[in-house]
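The structure appears below as structure tokens.
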Amino acid sequence: MPRSKEEIIQHAEALAKRFERYKPNPDDERDVAEYMLRRAAIDQARCERELADAVEGARRAGLTWRQIAETLGTTSQAAQQRYGRTA
């Protein structure tokens, strides 16, 4: 939806005023270490899901468990035990 330059400037000014009036709520604050830990856990879960999806795709493409294991740096048995249910 195209806007005029004036509308964009008015919107930016309204946002700037909201930002200037904002008062943080101390109850909303989080400890940095807690935040970093939570973010790392979320990142790990995403990576695990992405890896499982990639293994599933590799199996559909015909890669053997040995080939997958070599790529993952593990044994064929370990790769199959971990990802065999999802693949």
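Structural remarks
- Of the GluC sites (Glu not before Pro) found in the chain, the ones in coil according to DSSP and having at most 11 other Cβ atoms within 10 Å of their Cβ are 29.
- Candidates per chymotrypsin sites (Phe, Trp or Tyr not before Pro) in the chain, loop by DSSP, up to 11 other Cβ within 10 Å: 22
- Tensor-based shape of the chain (alpha-carbon gyration tensor, a/c under 1.5 rounded, otherwise prolate or oblate): oblate
- In percent, rounded to a whole number, the relative contact order of the chain is 21, using alpha-carbon pairs under 8 Å and six or more apart.
- Selected from 14, 45, 84, residue furthest toward positive end of dipole (the chain; charges at beta carbon): 84
- Of the trypsin sites (Lys or Arg not before Pro) found in segment 3-87, those that fall in a DSSP loop while having at most 14 other beta-carbon atoms within 10 Å are 3, 30, 85.
- Fully extending the segment from residue 31 to residue 12 would add 3.7 nm, taking 0.36 nm per residue of separation and subtracting the current Cα-Cα distance.
- Distance between the modelled labels on residue 4 and residue 20, one decimal in nanometres: 2.4 nm (7 Å Cα→Cβ projection).
- Cα-centre dipole for the chain with unit charges at Cβ (Lys and Arg positive, Asp and Glu negative), debye to 20: 320 debye
Bear in mind these aren't lab numbers, they're just calculated from the coordinates by the rules spelled out. What you are looking at is a predicted structure, and each value in this text was computed from that prediction instead of being measured. Cβ: placed from backbone, ideal geometry, glycine included. Neighbour counts: every protein chain shown.
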